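Q: One structure coming up, written as structure tokens, with questions to follow.
No lab work stands behind these numbers, since they all come straight from the coordinates. On a predicted model such as this, the values are computed, not experimentally measured, just so you know.
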Amino acid sequence: MAAAVVAAAVKPRDKKPVVTRFYGGLLLDDGPRAEGEAASILLQVDEDGRELVLERRGLTGVNLDSGAYSVVVSVSGFDIVIEERLTFGEPSGPHATGAEVRFESPGPERFHFLYRSDVLGRNCAFTLSLRPGSRVERELV
């Protein structure tokens, strides 16, 4: 009987299934003021609380015309992993200094985020309550 109680107490909780979605973003050129800006992200919840807006700042080497920015968003319970995907395009021509992508909010709860840029080998982690107007800004380290 004691063994059954101990086994039930240490049994891992059921994990929620992972839902993964791919979102294409929009490359931006914020002009000379954004050149040399540190690699960072700004994540904010829109006024309705239905959509998340992710701004990626400090992009370098991504061609504005032939490059691309996208993210893969994986949600499991209260954990969200955002993986950055970059296509650099032609080396010559105008370059993007930032990017923006929008995706649906999983709900008005507190979530743990991990943003990964495998190309840069950098990431950041934070917690955010997804309420209208909430926002967080983090540098990729």
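Q: Return the inverse of the average 1/r over all pairs of distinct C-alpha atoms in segment 36-83, which is the Kirkwood hydrodynamic radius, in Å to one decimal.
A: Numbers: mean 1/r = 0.0774 Å⁻¹.
One over the average 1/r among Cα pairs gives 12.9 Å for segment 36-83.
Q: I need the phi-derived Karplus couplings for segment 31-42: 6.51 cos²θ - 1.76 cosθ + 1.60, θ = phi - 60°, integer Hz, Gly and Pro marked x.
A: Per-residue couplings from phi come out as x, x, 5, 8, 5, x, 5, 5, 5, 7, 10, 10 Hz.
Q: Another question, if that's okay. Relative contact order of the chain, please, whole-number percent, based on alpha carbon pairs below 8 angstrom and at least 6 residues apart.
A: 28 percent
Q: Which three extents, in whole angstrom, do the alpha-carbon atoms of the chain cover along their principal axes, largest first?
A: For the chain, the Cα extents along the three principal axes come out at 72, 31, 23 Å.
Q: Which of 74, 117, 66 moves the most in a Gaussian network model of the chain with Cα springs under 10 Å?
A: Maximum among the listed residues: 66.
Q: Calculate for the chain the 222 nm mean residue ellipticity that helices alone would give, adding -39,500 (n - 2.57) per DSSP H run of length 4 or more and normalising by residue count, nearest 500 deg cm²/dmol. Spell out each step's value before the answer.
A: Values: 1 runs with 9 residues, N = 141.
It comes out at -2000 deg cm²/dmol, rounded to the nearest 500.
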